[in-house]
1. Just checking, how many residues over segment 147-169 are within 16 Å of the ligand (Cβ to nearest atom) and either at pLDDT below 95 or out of contact with any strand residue (DSSP E or B) (no Cβ under 9 Å at 6 or more places or on another chain) (or both)?
2. I need a count of the residues in segment 170-205 that are over 15 Å from residue 147 (Cα atoms), in contact with a strand residue (DSSP E or B) (Cβ under 7 Å, 6 or more places away or on another chain) and within 16 Å of the ligand (Cβ to nearest atom).
3. Would you tally the residues in segment 282-316 being over 18 Å from residue 80 (Cβ atoms) and part of a helix (DSSP H, G or I)?
4. Among 101, 119, 109, which is in contact (Cβ under 8 Å) with a residue 40 or more places away in the chain, in contact with a strand residue (DSSP E or B) (Cβ under 6 Å, 6 or more places away or on another chain), within 22 Å of residue 258 (Cα to Cα) and more than 16 Å from the ligand (Cβ to nearest atom)?
5. Taking segment 104-135 only, how many residues are under 23 Å from residue 216 (Cα atoms) and not in a loop (DSSP other than H, G, I, E, B)?
6. Looking at this structure, is residue 273 over 19 Å from residue 144 (Cα atoms), more than 16 Å from the ligand (Cβ to nearest atom) and in a loop (DSSP other than H, G, I, E, B)?
7. Test residue 279 against the stated conditions and say whether it is free of Cβ contacts under 8 Å to residues at least 60 places away in the same chain and part of a helix (DSSP H, G or I).
Ligand SMILES: [Zn+2]
């Protein structure tokens with residue numbers, strides 16, 4: 001089995017490092033018509049595609065995930081960040097830091113002690129919190145198939161036999177018992193979630209909106225790899241147009257909706273955003289706060305949809321500041337959404353090759 005892992009590691013290393021260099025080559029060559037770089041620009045995405053397909057569609061991806069879990073448990077025995085639970089009247093939301101930067105979430109109806117977990121990556125970390133909180137796990141809500149979001153499904157189903165697994169049937173989600181369609185509700189006691197179909201990162205990506213009304217609080221968006229604090233997921237299985245439509249769904253939620261993302265990427269994403277909008281005062285303020293939080297290894301979630309709209313470049317493709325930073329102008333009679341998709345594509349491309357000095 002070890003040789004398989006070595007091949008996998010080699011392909012991944014080539015795909016990841018090659019992709020950064022080659023995406024940049026592609027970027028340069030597109031803008032400067034440098035003919036020597038063209039073959040590299042074709043090879044880069046191809047190599048990346050091979051790596052991605054191996055990860056997403058074969059057992060090698062699962063083996064890599066198992067290694068990541070093992071390493072992360074050794075490196076971060078207490079989790080990569082200090083989580084800050086949020087409580088309302090009868091509701092508790094507990095971020096569970098897993099792997100090197102993922103979050104699973106335990107959502108508890110504290111009156112009935114029923115709980116739902118979103119994206120259980122490391123089943124042991126989730127089980128530990130379930131036991132500490134003395135709650136009954138009723139359901140797993142999975143945003144998408146990637147192992148760092150769905151890898152814990154099988155073990156949790158084995159340990160908690162009656163727990164259901166919800167997600168999209170378009171994604172190959174392990175142990176899926178209840179396939180969902182767009183806008184379908186998942187009701188567990190007073191926990192009332194609405195599943196929203198948000199493809200782009202994967203074919204069947206879904207996000208979940210928990211209604212805050214029964215708890216006299218704001219609603220919560222569990223956004224998986226659609227939306228992060230100041231960032232968005234990579235467009236692996238879709239087009240910029242699909243991703244834009246999915247991001248618009250998130251942006252249309254109430255401003256006070258709490259954003260619970262799938263990863264702790266806030267610092268890098270805000271540093272990237274400040275390259276595009278150096279003079280945005282809200283962005284500056286948020287970056288300062290996130291810097292402090294991360295120095296203390298504290299989690300940076302939740303933010304709110306209202307906040308995100310003020311500094312997240314992926315939700316600001318309609319803004320002149322971002323369009324100018326991308327050096328893009330709307331063509332005469334160009335459809336507005338087509339133009340915004342072009343802007344999104346460019347921002348995403350620049351973020352793909354960006355590496356913050358952390
Ligand atoms: Zn993902």
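The values are calculated or read from the model by the stated rules, or taken from the named source; none is laboratory data. Note that the coordinates shown come from a computational prediction; the quantities given were computed from them, not determined experimentally. Here the Cβ is made from the backbone with ideal geometry for all residues, glycine too, and neighbour counts use every protein chain on show.
1. Within segment 147-169, the first condition is being within 16 Å of the ligand (Cβ to nearest atom), and the residues that meet it are 147-153, 167-168.
With either at pLDDT below 95 or out of contact with any strand residue (DSSP E or B) (no Cβ under 9 Å at 6 or more places or on another chain) (or both) added as a condition, the list becomes 147, 151.
Residues in segment 147-169 being within 16 Å of the ligand (Cβ to nearest atom) and either at pLDDT below 95 or out of contact with any strand residue (DSSP E or B) (no Cβ under 9 Å at 6 or more places or on another chain) (or both): 2 in total.
2. Residues flagged as over 15 Å from residue 147 (Cα atoms), in contact with a strand residue (DSSP E or B) (Cβ under 7 Å, 6 or more places away or on another chain) and within 16 Å of the ligand (Cβ to nearest atom) within segment 170-205 amount to 2.
3. 18
4. Numbers: 101 fails: more than 16 Å from the ligand (Cβ to nearest atom); 119 fails: more than 16 Å from the ligand (Cβ to nearest atom).
None of the others qualify; the one that does is 109.
5. Here is the first cut: in segment 104-135, the residues under 23 Å from residue 216 (Cα atoms) are 105-118, 133, 135.
Cutting the leftovers down to not in a loop (DSSP other than H, G, I, E, B) gives us 105-109, 114-118, 133.
Here the count works out to 11.
6. On the way: over 19 Å from residue 144 (Cα atoms): yes; more than 16 Å from the ligand (Cβ to nearest atom): yes; in a loop (DSSP other than H, G, I, E, B): no.
Considered against the rule, which asks whether it is over 19 Å from residue 144 (Cα atoms), more than 16 Å from the ligand (Cβ to nearest atom) and in a loop (DSSP other than H, G, I, E, B), residue 273 comes out as no.
7. Working: free of Cβ contacts under 8 Å to residues at least 60 places away in the same chain: yes; part of a helix (DSSP H, G or I): no.
When the stated conditions are applied, residue 279 does not pass them.
Yes/no per residue for (1) under 12 Å from the mean Cα position of the chain (by Cα); (2) under 22 Å from residue 88 (Cα atoms):
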{"site": "216", "(1), (2)": "no, yes"}
{"site": "221", "(1), (2)": "yes, yes"}
{"site": "233", "(1), (2)": "yes, no"}
{"site": "240", "(1), (2)": "no, no"}
{"site": "267", "(1), (2)": "no, no"}
{"site": "283", "(1), (2)": "no, no"}
{"site": "287", "(1), (2)": "no, no"}
{"site": "299", "(1), (2)": "no, yes"}
